[in-house]
Structure formats: structure tokens, C-alpha cells
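Reading through the C-alpha cells given below for one structure.
Quick note: the coordinates plus some simple rules give every number you see, no bench work behind them. Computed from a predicted model, the values in this text were never measured in an experiment. When we count neighbours, we look across all protein chains shown, and the Cβ atoms used for this are built from the backbone with ideal geometry, even at glycine.
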Amino acid sequence: MKKFSLTDLFRKKPKPTLGVDIGSHTIKVVEFSGGSKKVVKKVGRALLPQGAIVDGSIKDKEVVQEALHKLISNLQPSLKRVSTSISGYSVIVKKIHVPYLGEKEIEENLIVEAEKYVPFEISDVYIDFSVLSTHEDGDGGSDIFLVAAKKEVVDEYANLLEGVGLTPSVIDVDAFTLVNAFELAFGKVEEPAVLIDIGASKTNLNIVRKGMPIFTRDMTIGGEQLTEAIQEATGLSRDDAEAVKIAGTKDNVLAKEISDVVVEMAGLWINEIKKAISFFKTSATPEDFPTCVFLSGGTSMLLGLEEQFSSGLGLESRRLNAFNGNKADKDIDREYLASVAPQMAIASGLAIRSAE
Ligand SMILES: Nc1ncnc2c1ncn2[C@@H]1O[C@H](COP(=O)(O)OP(=O)(O)OP(=O)(O)O)[C@@H](O)[C@H]1O
Ligand SMILES: [Mg+2]
């Protein structure tokens, strides 16, 4: 028998995937052309009704599937293989130290290690890891990110994708995906940075250095909380509060009321984020201390947020445009692309994943 054949090599070559980010508020889809020069081929989003997805778990499968189906039918992506990511209580990402060296040895002992840290039955979760650093001298061992995700939830997402004719190939977690999006925009950056994705119901904070996440934390803050606060302060209905939050209003009195609520709420978020960064610093060396912040997620598109974060955190804060420096197909409107870029960060990070 031949040892290898070209066709086999081709088959084993990792293939590009479609990035599908199923958030609690909006489904986001991004497709890049394959090859090293990434060209944005498709970008789209679809709104979900409140309650369809709660804490990362699909509550109304029919509604979510219908929205995804419509979005995919409109976009007509050429890729069927999908990368998606999950989050919420059913996913655990933990930085741990293991007394092993090398991927193989870690893998062989992963279950024993995971049992110490995962608060679920090990038979109920998929586990994986990513090596952060190895210590060949000293007491040896490796620092790894341990990832455990409830099978029930992973399977739920996989079923959903299969239900609309897509093939789930990579299931990742938001933290790692965000780092991919950052790298897509800027390459491997030496300087440590804080990546903050503020969605509708949650925020993912990541500190990244040289292309590696070195700290990650999920926080229960987001745009939905802000819509509720606007609703309370103005007496508007939920839908009207959501609409004026996004599009603003010509009514000056109302506009002032809303901007006060935004500034107050963002102040609370900044405090939470400051606490997370301080906590990270207590166990980090100064060369890992972040020097800048990149904001993403739909809520990062709030007017004035960059400035408030910059002064509140004392770190220059900018929105992340994952499409930065990448070409886009000629039928994609440039203004639209730039306007949705921060919300598309996770979907873009997923879209550059390839699968075997
Ligand atoms: N232009 C805008 N200005 C302010 N807020 C916006 C804007 N566009 C969208 N949002 C808000 O962003 C949120 C949706 O963002 P995103 O798509 O990142 O969330 P999600 O991924 O669906 O949610 P999560 O990750 O929390 O489950 C909503 O709360 C929405 O109101
Ligand atoms: Mg999200």
C-alpha cells in the first residue's frame, strides 16, 4: 500500500469555515474567501426575540432555527462547514497548571485533571485544552486553558446548524474566538491588550499577549440591561427604548435623559472591568499589564463609549474592526461593513478557523 497520496493530502488540508455567532440578541454570519489573503465574501445578521436564547442555552429552537434559516437563505454563503462558539454557565474556561509536558501527555491525563475543576459530571461534558506555556526547567509541567462544555448544549447548537443544512465543524468558546478576531485585524501584537466584547446579555473580557489569551472572564453586563434602564427612566416600551438607544432621537429632552442613563450604566460597567483588570494584575508580571483596550460586540457601538472607557479605565480604548486591512467583495457596502464591524468580531474570529 502506498504511504501517502496527493488526494489524501488534499483531503487532510484544513478547509475554510463559515463563521456563525449565535448571540442572545443577534445571529451574526461572516464568510471569508479561503487562502492567505482574506476577502470578506458575506456578512449578515438576524435579530432574535427576547427569551429565545437564555444564558447560552437555546430555549426556543424553532424561532432560532427559522431566523438562522432566513439569514442563510438571504446570504447564500458558499461554505457549508461552520465554526460556531458557545458561552454561558454550561461552558468552563479555566487556566490551570498540570504536572505534564507535551500535548500527548496532557491529553492522556486530561480527564483526571478536569475532574478537579469541572463542577459537572465528566461524562456530561466535552473537554479540551490549549497549552499556554511549558516549564521544562524548575518544577516542570505546563499552564493550560482547560475548556469543558456540557454535551447537551454543544449538541443543541450542532443540531440547530444541521437543521438548516449546515455542518458544524468547530465549536469554540467566545474567549478564544475574540483573540482570533484581534489577530485577524492586527496580526500578532506584542503589547498586551484588553479585548472586551459587550453583547446583549453578557460581556467577555480577555487579556491577550503575543496572540495568546492570558486571562479571561465572563461578566453579566450588556445592552439588554441598558435597554431596561432606559425603559425605567423614560417610561418608554421595551421596543421603543431599544430603538432610541440604537438610533437616538430628535427629542432633545429625551435624548438627554437617555444619554444620562448610558453614562451612568457605562460607569458601572467600567467599575466591573477595572476590578477584573486589577484582579489579573495581582498575579501577573508588569510586562503582561495591558496598555490598551479594544471594544467589540453590538453594545460597543454606543456613541461616546470609547471616550468614556478611555478616561474611566485610564487605557486608550478603541472599537475593534476585525475587517481592518482585509478586502471585501465589491457588492458589500463599505459603510455598512464599517458600521457593523465591531458587532461582527466573534463571527469574524470564527470565520478564519479552518476545519479538517
Ligand atoms: N448601534 C448600536 N448602538 C448601541 N447598541 C447597539 C447598537 N447596535 C446593537 N446594539 C445592542 O447590542 C446588543 C447586541 O449585540 P451583540 O450582537 O454583540 O449581542 P449578542 O451576541 O446577540 O448577545 P450575547 O453575546 O450577550 O448573547 C443589543 O443589546 C443591541 O441593543
Ligand atoms: Mg455575543
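Within the same chain, lysines fewer than 8 places from Lys116 are excluded, and of the rest, those with a Cα less than 19 Å from its Cα are Lys94, Lys95, Lys150, Lys151. In this Cβ point-charge picture (+1 for Lys and Arg, -1 for Asp and Glu), the chain has a dipole of about 1460 debye about its Cα centre.
Under a cut-off of 13 Å between alpha-carbon atoms, report the aspartates and glutamates in cross-link reach of Lys15, not counting same-chain residues fewer than 8 places apart. Within reach: Glu31, Glu356. Taking every C-alpha pair closer than 8 Å and separated by at least 6 residues, the mean separation divided by the residue count of the chain gives a relative contact order of 21 percent.
Rounded to the nearest whole Hz, the Karplus-based 3J(HN,Hα) values (6.51 cos²θ - 1.76 cosθ + 1.60, θ = phi - 60°) of region 256-263 follow the sequence 5, 4, 5, 5, 4, 5, 4, 4, with x at glycine and proline. Is any residue of region 133-151 close enough, with backbone N under 17 Å, to a label point placed 7 angstrom from the Cα of Tyr126 along the Cα-Cβ axis, and if so, which? 146-151, by backbone N distance to the label point. Bridgeable aspartates and glutamates around Lys59 (alpha carbons under 12 Å apart, same-chain partners fewer than 8 residues away excluded): Glu156.
Placing unit charges on the Cβ atoms of the charged side chains and taking the dipole of the chain about its Cα centre, the candidate lying farthest along the positive direction among Ala185, Ser296, Gly141 is Ala185.
Longest stretch of the chain clear of exposed loop sites (chymotrypsin sites (Phe, Trp or Tyr not before Pro), DSSP loop, at most 16 other Cβ atoms within 10 Å, sites excluded): 121-356. Here the gap between Phe289 and Glu264, fully extended at 0.36 nm per residue and compared with their Cα-Cα distance, gives a gain of 6.3 nm. For a label point 7 Å from the Cα of Asp139 along Cα→C-beta, name the residues of region 87-125 whose backbone N is under 11 Å from it. Residues passing the 11 Å test: 97-99. You can think of it this way: the chain between Glu316 and Lys61 has 87.8 nm of extra reach, that is 0.36 nm per residue less the Cα-Cα gap. The slack in the chain from Thr282 to Glu108, taken as 0.36 nm per residue of separation less the alpha-carbon distance, amounts to 59.4 nm.
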